[in-house]
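A quick write-up on the structure given underneath.
Read the figures in this text as sums done on the coordinates, not as results from a lab. The structure presented is a predicted model; accordingly, all values stated were derived computationally and were not measured. All Cβ positions, even for glycine, are placed from backbone atoms using ideal geometry, and neighbour counts span all protein chains on display.
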């Protein structure tokens, strides 16, 4: 089966194998010439022509038509001299099979018609009886050609199956690489949001404690310092727990899609309280009954990043308003502040880019920029029907 399935043009050791085949066919031809009474026994010229017709078989894969033509050139005078007609038959059949197995069907048909016609014409020079006999056994020629064409079609069928299997394997590998890339991007966004939010709050709370310690060392407000330190500890604990949930997916040995619980709209009050502890004056309005988990997670992360940016860039004690409203089958989200915004000429970060990516993962849109009356605003529209959208798991 390996020989049948293998492409003859790319088979290993083709020249060596074909040379051995030519030797075996020549030995068989000599035996037929010696022991079969089908014409007279070859003389010196007949033996020379009979052996010479087997030499081209060593190159039958590379030039099948030229090999067949060379065999015909040797066999035609051999038959015309009325030597044993059966002897060169194996070499002729091997050449015909090679033409059929390596060529197109039209070429195979034309070669078969040409060989039968030429053989009949050569035998007519010997006798009409021999010509009639060639016509009678021409079915063997057709059978050899049909066998070669059938093997060719079978090889094409096997090659197409192998090609489809390889393409399917490549597709699976590409899909796996795509999912790995998406997972890495998801984790990078989560880590950015978590660390940026937590570190910003810790920085603000640390500044409060440092200010209290340095403002009036003689009249130290221990209660304020203790509260600031407690807020820092609480922020660290919260960040540590969320960070552990996010990174558990990297240690997961079971199903790759097993992830921690998604943050959702229920966590928005905690975000607002954390921003208040950092000095922001936060007003929050949530008028939505229920949202899909992926949409709730995206909204949570967008609000988290927007509040982080407000605390970081809006100046001291900014007034921040957070609105989430369900309208026309979508969640309309808005986070606005009255601060000064980021300093001009500063190095842009990945916060707004990450928020836009989160909105796109659930099929939504996001805009962010300065407001006409001062301050900065982030608005997003997230569809509540997840048709065709890619939900995102967030640790």
Would you calculate the separation in nanometres between label points at residue 172 and residue 16, each defined as 7 Å from the Cα along the Cα-to-beta-carbon direction? 3.6 nm
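May I ask you to compute the full-extension gain from residue 155 to residue 43, defined as 0.36 nm times their residue separation minus their alpha-carbon distance, rounded to one decimal in nm? All intermediate terms of the calculation are to be shown ahead of the outcome.
Values: separation 112, 0.36 × 112 = 40.32 nm, distance 4.26 nm.
Once the chain is fully extended between residue 155 and residue 43, it gains 36.1 nm.
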Using a 10 Å cut-off on Cβ atoms, rank the peptides 355-366, 157-168, 274-285, 302-313 from the highest mean neighbour count down. 302-313, 355-366, 274-285, 157-168
Would you mind computing, in nm to one decimal, how far apart the modelled labels at residue 63 and residue 81 are, each placed 7 Å from Cα along Cα→Cβ? 2.4 nm
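For the ranges 231-239, 65-73, what's the packing order if you count other beta-carbon atoms within 10 Å of each residue, average per peptide, and put the highest first?
Numbers: 231-239: 16.0, 65-73: 17.6.
For the peptides 231-239, 65-73, the packing ranking is 65-73, 231-239.
Expressed as a whole percent, how much of the Cα-Cα distance distribution for the stretch 36-98 exceeds 18 Å? Could the numbers behind the result be given before it?
Working: 575 of 1953 pairs.
Summing the P(r) of the stretch 36-98 above 18 Å gives 29 percent of all pairs.
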Run the simple label-point estimate for residue 328 and residue 207 please: 7 Å along Cα→C-beta, distance reported in nm. 3.9 nm
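Hey, can you rank 40-48, 88-96 by average C-beta count inside 10 Å, highest first?
Values: 40-48: 14.0, 88-96: 22.8.
Packing proxy ranking, top to bottom: 88-96, 40-48.
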